[in-house]
Amino acid sequence: MKKVAVLIKDVEQQYEGLRVSLGALLDEVDIQMIVLNHEIANMDEAYRDNMEFLDEMEGQRISNHMGNAEKYNFQHATLKEIAERLKSVDLIIPF
């Protein structure tokens with residue numbers, strides 16, 4: 001199974017990064033959606049529903065921003081830990 005990291009650094013690309021993550025899960029790809037350096041800007045109902053679907057499909061949600069871990073149940077990781085994770089993936093999709 002391919003391992004893919006969707007790396008979301010641009011606040012304006014949060015929805016697009018989540019959509020790409022969900023699409024890859026439908027193709028049976030091991031997904032790590034990683035939100036870097038910012039808290040989710042607009043946690044509306046649609047975004048929350050899509051994150052729940054990501055969880056149901058066994059995708060991973062990771063962030064170095066503690067607000068995402070505390071408010072939205074992302075797995076918290078330091079930049080060093082994220083860098084180590086990225087070494088093990090087949091493809092990194094940056095946003």
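The values are calculated or read from the model by the stated rules, or taken from the named source; none is laboratory data. All values derive from a computational prediction rather than experimental measurement. We place every Cβ from the backbone using ideal geometry, glycine too, and count neighbours over all the protein chains shown.
Is at least one residue of region 32-50 among the basic types (Lys, Arg) and closer than 15 Å to residue 92 by Cα? Please lay out each step first, then the result.
If we filter region 32-50 for residues that are among the basic types (Lys, Arg), which is where we start, we get 48.
If we keep only those that are closer than 15 Å to residue 92 by Cα too, we end up with none.
No, that holds for no residue.
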Item to check | Pairs where the first residue, in region 32-49, is of a type in the set (Ser, Thr, Tyr) and the second is outside any helix (DSSP H, G or I) and surrounded by fewer than 16 Cβ atoms within 10 Å (Cβ to Cβ), C-beta under 8 Å, 6+ apart | outcome: none
Checklist entry - Among 82, 31, which is outside any helix (DSSP H, G or I) and either at pLDDT 95 or above or touching a Leu at 6+ places or on another chain (Cβ under 9 Å) (or both)? => result 31
Checklist entry - Any chance region 64-87 includes a residue that's touching a residue at least 24 places away in the same chain (Cβ under 8 Å), closer than 18 Å to residue 4 by Cβ, surrounded by fewer than 11 Cβ atoms within 10 Å (Cβ to Cβ) and more than 12 Å from the chain's Cα centre (by Cα)? => result no
Next on the checklist: Whether any residue in region 57-66 is farther than 21 Å from residue 82 by Cα, out of contact with any Phe, Trp or Tyr (no Cβ under 9 Å at 6 or more places or on another chain) and among the acidic types (Asp, Glu) is what I want to check.
Outcome noted: no
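Quick check, is residue 35 of a type outside the set (Gly, Ala, Ser) and surrounded by fewer than 19 Cβ atoms within 10 Å (Cβ to Cβ)?
Working: of a type outside the set (Gly, Ala, Ser): yes; surrounded by fewer than 19 Cβ atoms within 10 Å (Cβ to Cβ): no.
In short, no.
Just wondering, is there one or more residues in region 52-63 that are outside any helix (DSSP H, G or I), of a type in the set (Gly, Ala, Ser) and in contact (Cβ under 8 Å) with a residue 40 or more places away in the chain?
Initial filter on region 52-63 (outside any helix (DSSP H, G or I)): 57-63.
Remaining after also requiring of a type in the set (Gly, Ala, Ser): 59, 63.
If we keep only those that are in contact (Cβ under 8 Å) with a residue 40 or more places away in the chain too, we end up with none.
Within region 52-63 (the criterion being outside any helix (DSSP H, G or I), of a type in the set (Gly, Ala, Ser) and in contact (Cβ under 8 Å) with a residue 40 or more places away in the chain), the answer is no, since none of the residues qualifies.
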